[in-house]
1. Given the residues Arg145, Arg138, which is the only one that is open to solvent by 60 Å² or more (accessible area, probe 1.4 Å), farther than 18 Å from Leu46 by Cβ and at pLDDT below 95?
2. What about Gln47, is it over 39 Å from the mean Cα position of the chain (by Cα) and either modelled with pLDDT of 90 or more or not β-branched (Val, Ile, Thr) (or both)?
3. Among the residues of the range 105-127, write down those that are open to solvent by 40 Å² or more (accessible area, probe 1.4 Å), in a helix (DSSP H, G or I) and over 24 Å from Gln92 (Cα atoms).
4. Go through (1) part of a helix (DSSP H, G or I); (2) open to solvent by 50 Å² or more (accessible area, probe 1.4 Å) one by one and return the number of the condition Ala85 breaks.
5. Just for the range 89-104: of the residues that are open to solvent by 80 Å² or more (accessible area, probe 1.4 Å) and free of Cβ contacts under 8 Å to residues at least 60 places away in the same chain, which one is nearest to Ser147 (Cα to Cα)?
6. Report the residue count in the range 47-78 for those that are surrounded by fewer than 14 Cβ atoms within 10 Å (Cβ to Cβ) and either closer than 19 Å to Glu122 by Cα or of a type in the set (Ser, Thr, Tyr) (or both).
7. Among the numbered conditions (1) at pLDDT 95 or above; (2) under 20 Å from Gly107 (Cα atoms), tell me where Tyr34 comes up short.
Amino acid sequence: MESADSGSQRSDPVKGDDTGPSFVSLPPATPSRYESQKRRDWNTFLQYLKNHKPPLALSRCSGAHVIEFLKYLDQFGKTKVHVAACPYFGHQQPPSPCSCPLKQAWGSLDALIGRLRAAYEENGGRPDSNPFAARAVRIYLREVRESQAKARGIPYEKKKRKRPPTVTTVRVDVASSRQSDGDACNVGAPSVAEAVPP
């Protein structure tokens, strides 16, 4: 009979008579809300291409097709966008209902494009041929943002980035800061604490 130290015995992770490291497979981690939404959006876009007349292969998809998809999604929108002839054009809180169309909000479209852009590359697409990153798509989104801002009376302002505080470095000339005896600092030279503002 062999001893447990010989290393010839195998441990059984189920029974727990472990003589060495055991590996228990864990269930796959639940995807984040973002990852789940990205997967749903990607599948929706692929279904749109499949139902396109004529059906369209992903490799043939361009920025124009992406814009067509975004316009198609407007029919499912929930954001009231007033037309120029509407008396409530430019009002944030209209006093009564109107017959203006419901559309996808600009912020929703912008977030959707971001997720689809990432999904395209995660699914083997090359960044240089990503139709969701096309200039035409960026221009379309900017036009949607501006027109909805006017129609709804909501100014969209670019968020200001917080810049990290700048650090000032001070160069100290060691040779000139030493006194004649060589081991004391020059009293007249500024210290680093004095040179760096609080």
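1. Arg145
2. no
3. Result: Arg115, Arg117, Glu121, Glu122, Pro127.
4. (1)
5. Leu102
6. Count: 5.
7. For Tyr34, the exception is condition (1).
The values are calculated or read from the model by the stated rules, or taken from the named source; none is laboratory data. Here the structure is a predicted model, which is why all the values come from computation and not from measurement. We place every Cβ from the backbone using ideal geometry, glycine too, and count neighbours over all the protein chains shown. Just so you know, the surface numbers come from the protein's heavy atoms only, side chains and all, with ligands and any DNA or RNA stripped out. Shrake-Rupley method; radii C 1.70, N 1.55, O 1.52, S 1.80 Å.
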